[in-house]
Amino acid sequence: MKITCQREKFLTALQTVAAVVPTRSTKNILQNVKLEIGDNFATLMATDLEVGIRYEVSNIQVERPGVVILPVARFGAILRESADEMIRMNANDRSIVIQGEHSEFNLQVTDPAEFPPIAIFEETQYVELSARLFRELIHRTIFATDNESSRYALGGILIDIENDHIAAVATDGRRLAKMEGPVTATDGYVPSEGVTIVPSRAMQLIERTISDSENEVRIACHANDILVKSQYATIYARLLEGRFPKWRDVFPKYSDAVRMDLLIRPFYAAVRQAAIVTTEESRGINFTFGSGALVLTGQSADVGQSRIEIPIPYDGAEVTIKLDPRFVSDFLRVLDLDKTFNMTWKDGENAVLCSTDDGYAYVIMPLARDR
Amino acid sequence: MWQTIQGHDHVIDRFRLAAMRGRLSGTYLLVGPEGVGKRSMAVQLAKAILCLQQDSEQSLNACNACESCRLLDSGNHPDFHTITKRNDRQLVTIDLLVGDQNHRNREGLLVDMAYKPALSSRKIAMIDDADLFNIESANTLLKTLEEPPPGAIIFLIGTSQNRQLPTIRSRSQVIRFGRLADDLVADLLISKGIISDPTRAKELASASYGSISRAIQLADEELWQFRAHLFQCLVAPGIDRLRVARAAAKFVDGAGTETYVRRVRLQQIVHFAIDFYRGILRSQSGADPEGDSLLRQAIARSQTDATGPDDTLRRLDCCLEMLTYISRNVNLATLIEWWIDALARP
């Protein structure tokens, strides 16, 4: 392999794929990136066996195609420390020579056959959606995943695709976030039969990788993995095994519920204020819906009390619901503060449903009031 | 011979039968002496089961050519996860299974197993040193053993099923491994290029009690010399406590400054003494002698020493107790003195 490339461009690409490289691993090969050079393409690859990424590097002059495995830490350092505009690389089976204007490095390389494979996006059947929507799907659900329990399936986001429609769902058992949107499916697209639960770490990577692109993103779900292709990157992620709650059943179907539209900014401010006095031990805030006003009260024995009042369009009987302010804030934080959201509730015992008009819904279970 | 595994045909037959009927179990507990090929067997089974060639799982024959076989050989297979006790720890701790305090349930073997397979249709875990679970890590494992992820196979590798919690034992199929034949050990020593002289290979093999790893250890000339010296000391009527303790301490110090290697060396010494007293017990009870010529000669000479089986048993107990103490961070110099003193007591 023999190429000449622009240092900064190459470094940016390397840093993108290096996000996948595990900081510690029993498999030393994973501390490397694979660079594959063809006649008219250059691809950088990295994997930690759970997530894999292929990234197309542009502006490379190819003299001789080939494949080389590069130690990410050292190679990255060489590119970072150099001030040259162009870098030449020349590799054979055993080593690679990296040349700048006044510098030369000779690194040992590993056998490319030992590098775990990273799938290529060669699908003919996939769905397509805008990068903006996909980012939103991830951003608005990922906070509700549970990465600390041994119910590993809850550490991921469920992706449900059917009939030109995609839903992303995440839950930790106490709240559930769901975001929906339209997709364009290719002709004859058949949704994957299994449950698609994508680990949140992979989703984070996807969100970061497609953040600067405004193009379409292609998604193909398989039984064991998911492939996401954006303009330059293809991300492969292994799915999580296990049972995910039946999320459609989680959404309350009240016949006699109270529904009201609330302005996000003042409501969020009130929740934050009320939460000032809460502690790890007494976490809940009482949301009391009274005639014309919503009163938020928080209290803890060793700090004190808070009481915040905001006007609401409600004139029914007084109802108090105790909610965890962190869960409420998580939902409000990902929204546009100048808009409104809809809150649906029945009483202090049943789930509260918050939703927006752009396909986002969030269910929170109230805390027990007698504690 | 199947996939480079020798001397365990009955085990292979058992796996073949189960595989042919499509009835491979979720958890296997492979038990047997150190260094007889349990790990190699698990790796080869994993290779055959994960191989991408059709019917490889039913026939248990790996093609040795597909991507899966290649990755497994290089130790990078995405669906084959292994953990081993860390050298600086005495036990297999919970962080290997579910991550340390800061990464709990985010890394570790069980988390890896929660992912769907990447390349093959199954995923396989091999837990080495399964003798050395602490209660916490053994219990963490239970849930996964009780309800393994679809297509998962877990190999637990230990020396005795009695060292497992009953809850783990009852969830595993136990596969027993016997010693390797002396001839086989000798052949392996030569074919692995550790020894070139066949006579020496035979000698080491007969001293190895059917364990290739032990034979490889004994190939260290220094260790072999010390073994001879130790036998001499033990044969002598009335052990010279000071001299033996000093020699043992010096030999242990010679292993290096790291505690781990010193402990390993002391364990080797204790195992030599165990071999010796076991040989004596055999001759006292009229059984055929076993072991290499050096050991047999030492035992033959020690017959002049008028001790009964009770004495020998007491000394053996002493050695076993010593092994327990070694694994418990007791000061080594003190331990050696205690041990030699206990052996020397009439």
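Helix-only estimate, please: 222 nm mean residue ellipticity of chain A, summing -39500 (n - 2.57) across DSSP H runs of length 4 or more and dividing by its residues, to the nearest 500.
Calculated at 222 nm, the ellipticity per residue is -5000 deg cm²/dmol.
Report the rotationally averaged projected area of the range A:63-112 based on its alpha-carbon convex hull, in square nanometres.
3.5
Identify the trypsin sites (Lys or Arg not before Pro) of the range B:85-130 meeting these criteria: DSSP loop state and at most 14 other C-beta atoms within 10 Å of the C-beta.
Within the range B:85-130, the qualifying trypsin sites (Lys or Arg not before Pro) (loop, at most 14 other Cβ atoms within 10 Å) are B:R86, B:R89.
Which of the three applies to the range B:15-68, rounded, prolate or oblate, going by the alpha-carbon gyration tensor with a ≥ b ≥ c and a/c under 1.5 meaning rounded?
Verdict is oblate for the range B:15-68.
Give the Rg/Rh ratio for chain B, taking Rg as the radius of gyration of the Cα atoms and Rh as the Kirkwood radius, to two decimals.
In chain B, Rg relative to Rh is 1.01.
So for the range A:252-364, averaging the separation of alpha carbon pairs under 8 Å that are six or more residues apart and normalising by length, what relative contact order in percent results?
The normalised contact order for the range A:252-364 reaches 30 percent.
Mind listing the long-range amide H neighbours of B:I154? Cut-off is under 5 Å, sequence gap 5 or more, other chains count too, H placed in the peptide plane at 1.01 Å from N.
Here the answer is B:T27, B:Y28, B:A125, since their amide H atoms fall under 5 Å of that of B:I154.
State the percent of C-alpha pairs, over all pairs in the range A:2-114, separated by a distance greater than 25 angstrom.
13
Quick one: Karplus J couplings for the range A:104-120, per residue in order, coefficients 6.51, -1.76, 1.60, θ = phi - 60°, nearest Hz, x for Gly and Pro?
Computed from phi, the couplings for the range A:104-120 are 8, 10, 10, 10, 6, 10, 9, 5, x, 5, 7, 7, x, x, 10, 4, 9 Hz.
Net charge within 12 Å of A:A270 by Cβ-Cβ distance, Lys/Arg positive one each and Asp/Glu negative one each, not counting A:A270 itself?
Result for the local shell: +2.
By average Cβ neighbour count within 10 Å, what is the ranking of B:163-169, B:150-156 from highest down?
B:150-156, B:163-169
Over the range A:127-247, what is the relative contact order in whole percent, taking alpha-carbon pairs under 8 Å and six or more residues apart?
This gives 30 percent for the range A:127-247.
Where does the protein assembly as shown land on Rg(C-alpha)/(2.2 N^0.38 Å)?
Dividing the Cα radius of gyration by 2.2 N^0.38 Å gives 1.22.
Using only alpha carbons, build the gyration tensor for the range B:241-346 and give me the equivalent ellipsoid semi-axes, biggest first, whole Å.
That gives 26, 14, 12 Å for the three semi-axes.
Only loop residues by DSSP count here, and only those with at most 11 other Cβ atoms within 10 Å; note down the GluC sites (Glu not before Pro) in the range B:250-346 that meet that.
B:E258
Run through the range A:7-43 and list the trypsin sites (Lys or Arg not before Pro) located in a DSSP loop whose Cβ has at most 16 other Cβ atoms within 10 Å.
A:R24
So, in Å, what gap is there between the alpha-carbon centers of the range A:1-70 and the range A:109-144?
Using only Cα atoms, the two centres lie 16 Å from each other.
Could you tell me the largest-minus-smallest coordinate of the C-alpha atoms of the range B:2-176 on each of the three principal axes, in descending order and whole angstroms?
So the extents along the principal axes, rounded to whole Å, are 42, 32, 29.
Can you give the direction-averaged projected area of the convex hull of the alpha-carbon atoms in the range A:252-364, in nm²?
Projected over every direction and averaged, the Cα hull of the range A:252-364 covers 6.8 nm².
Using Cα-Cα distances under 8 Å and only pairs 6 or more residues apart, what relative contact order does chain B have, in percent?
Over chain B, the number comes to 16 percent.
Report the Cα centroid-to-centroid distance between the range B:263-295 and the range B:31-60 in angstrom, as an integer.
Cα centres, the range B:263-295 to the range B:31-60: 33 Å.
Cα atoms only, chain A: Rg and Dmax in Å?
Radius of gyration, then largest Cα-Cα span, for chain A: 25.3, 80 Å.
Here, each number is a calculation from the coordinates, and none is a lab measurement. No experiment lies behind these values; they were computed from the predicted model shown. Cβ: placed from backbone, ideal geometry, glycine included. Neighbour counts: every protein chain shown.
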